[in-house]
1. log10 I(q)/I(0), Debye, Cα-only the protein assembly as shown, no solvent, q = 0.06, 0.12 Å⁻¹?
2. Taking the Cβ-Cβ separation of B:Ser197 and B:Leu83 as r and a Förster radius of 35 Å, what is the calculated FRET efficiency to the nearest 0.05?
3. What is the average number of partner chain Cβ atoms found within 10 Å of a Cβ in A:265-272?
4. Any chance you could tell me what percent of the C-alpha pair distances in segment A:12-54 go past 15 Å?
5. I'd like the Kirkwood hydrodynamic radius of segment B:2-70, using the inverse of the mean 1/r over distinct C-alpha pairs, in Å.
6. What lysines sit close enough to B:Lys62 to cross-link, taking a C-alpha to C-alpha distance under 27 Å and skipping anything fewer than 8 places away on the same chain?
7. How many nm separate the modelled label positions at A:Arg287 and B:Leu175, each set 7 Å beyond the Cα in the direction of the Cβ?
8. How large is the dipole of the protein assembly as shown about the Cα centre if only Lys and Arg carry +1 and Asp and Glu carry -1, each at its Cβ, rounded to the nearest 20 debye?
Amino acid sequence: MSVRSSTSGWAFAAFPLAVIVVFTALPTVAGVALSFFEWTGGNRPNFIGIENYRAAILHDPQLIHSLRNTLIFGVATVPITVILAFVLAVALKAEWFVGKTTVRTIIFLPFVISIVAIGFVWRWVLDPHSGLLNMGLESIAADRMFADWPVPWLGDSPWALGTMCFVHVWRNLGFCVVLYLAALSRVPRSLYDAAGVDGAGSWQATWRIAWPAVRPMTLFVVITSSIWSLQVFDLVWVMTGGAEQPWTDVLNTHLYREFAANRLGYAATIGVLVLIITAVITVAQLRWLRGSTEAAS
Amino acid sequence: MSAWSKPAWPIRAAVHAFVYILAATMLVPFAWMCSTSLKTDAEAIDVQQLALLPAGSVSDWKWGNYVEAWRLAELGDVYLNSLIVAVVVTVLSVLHNALAGFAFAKLRMTAKRSVFIAMLLTMMLPYQVYFLFAYILCGWLGYVDHLHALIVPFLASAFGIFYMRQSIITVSDGLLDAGRVDGLTNFELFWHVVLPSIKPAVGALAIFTFMASWNNFFWPLIVIDSQENFTLPLSVAALSSGLYVQSWPVQMAAATLITLPTIVVFIIFQRIFVQGLALTGMKG
């Protein structure tokens, strides 16, 4: 409080904080409360205790599918994103790499384009009959490698989940590369020089020096991309046309459908489940990465 | 330097090949989008041959697809809606966040610490748990199916306030005290001393906010119903579900019209983009 002033900081902070209270904090409290009610938006909400949670766990197979798909999404995309982004950042940092800036620009490009547009364009590329991918595979006779041709890249099959994971990584990779580039440029030269005395090659310098040194950024990237995969909606909605399918539904598409069907209490319940999962995953990752940092040092 | 000693050439070649292939993967869908957008319907779905370029010379290409896409999806109105929302949200929320960040960083405030911590906690909340009542609230306020609903809830953000506070706290107190001696009010201090010294952070936050608003899909899908109030992502989703037209070339022409401006803007401002986002990650 170095600046002595007559006007309180509240004069500046009141309105912005009010926006957060009104549109985030209070709706969260009301949403958690609503998860214990049955409500279609019209009449008075009907208190039913934990009935929504029971229904979610016991009587909603589509919720279980979408939960499974969301978790697969996270487990598949987070490690791939982290490793690929780190490796790319190291390559783009190397003095001998040709075309750094151009490659960085290209790799970052998908991140600035709306996910909806990206899903749309990929849908065309992956179209089973006239899409670029299948036509390309046919032109090199690779279609014989697949039992069911044409492969329904976006139909209701595990393929579709894999395809969407791929596009998700494809879109977010550039952002993580840029984060790692920033982290790598803050690693002090002396660390490498010290290792250089021991004759470490660039492979060892990468994994023994750079990788541990950017651990705080790894923590950030892991948490951010985990949250992204829990929040995935746009991509799935556009790539599947919003179809309700066991292999393509994720928590948010299921939630949206319940909302659109005016089952508001049940939608709130799914929201609370997402909140719980987010909290558990974030805390677990913080603990795990902090713990392993201490063990390493 | 020896740590970064050049690996043998086969390794360097392999690394280059790997990275270039990845980079090509980033471009191919967009190239295919542009190529399709200039084909006839028959050409686009011709499974007999994979044509990378539309048939004929440049003047034979179906440029008319663009005219049709623009007209059918009413892209002029959609662009205007998106632009109004994103610009208003960016300008006002950056201003509000910076003001609140200034208060948290440098001003006297009752219960400052506990309010700040409470605010940080709201950052962890997923939108899935609060969008319901935010929607109901917008209904009470008469905002549903109106651009207001896309602006008012975004006039400030916990992340923005946190980010501004972290930047403003590095502004030297001596500078502020000097301003105070000159008789500047708190707002004048903010405007003439604080803002100019945190320009890069303001730029980063502005870009971040603009992108989030421009690309937001879930919330507009919830609160906007009529086509006249569509923003770009809603319009794209409607296109991709075949609402306006079934022709792939026309759809891809629309997709090109939608993505191209973003690509151009990004390439022009990419330094600020990349540095800004790197800065964001650093603080986070």
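1. Each listed q corresponds, in turn, to -0.34, -1.36.
2. Numbers: r = 30 Å, r/R0 = 0.85.
The value I calculate is 0.70.
3. Numbers: counts 1, 0, 3, 6, 1, 2, 8, 3.
Average per residue, whole number: 3.
4. Working: 496 of 903 pairs.
For segment A:12-54, the fraction of Cα-Cα distances above 15 Å is 55 percent.
5. Details: mean 1/r = 0.0660 Å⁻¹.
So the Kirkwood estimate lands at 15.2 Å.
6. B:Lys39
7. With each label placed 7 Å out from Cα toward Cβ, I get 4.2 nm.
8. Values: 32 positive and 30 negative charges, 445 e Å.
Value, rounded to 20: 2140 debye.
Every read-out reported here was derived from the displayed coordinates using simple, explicitly stated rules and does not represent laboratory data. For clarity, every value in this text was computed on a predicted model and none was experimentally measured. Every residue, glycine among them, receives a Cβ derived from its backbone with ideal geometry; neighbour counts consider all protein chains shown.
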